[in-house]
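Accompanying notes for the structure given below.
The values are calculated or read from the model by the stated rules, or taken from the named source; none is laboratory data. It should be emphasised that the depicted structure is a prediction, and the values quoted were computed from it without experimental measurement. Backbone-built Cβ (ideal geometry, glycine too); neighbour counts: all protein chains shown.
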């Protein structure tokens, strides 16, 4: 990179600044346990400092079924869609999740599936 080239210096500066702001890695992990939530990242078991959406490890099928059974103002198709969305976000052992590591914390972004 030429020292006198202002564009080269700009690109270099942007790379350095971007590295400071975007240094948290994202990776796939495998769920090894749901209650308590535990994951395996690159072969390393992680059981502490894991954060996720409440639905990710929820087990409220019966509660959701009761709420939807009482609801008269929405269609059966919408009720089915709500059930499928709820079930699609929950994890079970063996599921893949996208994880962002921030220092010593692991943020479970969500369940991922190959397409």
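Structure above, values below:
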| item | result |
| --- | --- |
| Subset of the stretch 37-62 that is over 14 Å from the mean Cα position of the chain (by Cα) and modelled with pLDDT under 90 - its residue that is nearest to residue 99 (Cα to Cα) | 58 |
| Complete set of residues in the stretch 91-106 that are crowded, with 16+ Cβ neighbours inside 10 Å and within 9 Å of the chain's Cα centre (by Cα) | 97, 99 |
| Test: residue in the stretch 1-16 that is touching a helix residue (DSSP H, G or I) at 6+ places or on another chain (Cβ under 6 Å), surrounded by fewer than 10 Cβ atoms within 10 Å (Cβ to Cβ) and either without any contact (Cβ under 8 Å) to a residue 12 or more places away in the chain or within 26 Å of residue 114 (Cα to Cα) (or both) | yes |
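Conditions tested, residue by residue: (1) in contact with a helix residue (DSSP H, G or I) (Cβ under 7 Å, 6 or more places away or on another chain); (2) closer than 13 Å to residue 111 by Cβ; (3) surrounded by 10 or more Cβ atoms within 10 Å (Cβ to Cβ); (4) in contact (Cβ under 8 Å) with a residue 40 or more places away in the chain.
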position	(1), (2), (3), (4)
28	no, yes, yes, yes
35	yes, no, no, no
41	no, no, yes, yes
45	no, no, yes, no
48	no, no, no, no
72	no, no, no, no
79	yes, no, yes, no
89	yes, yes, yes, no
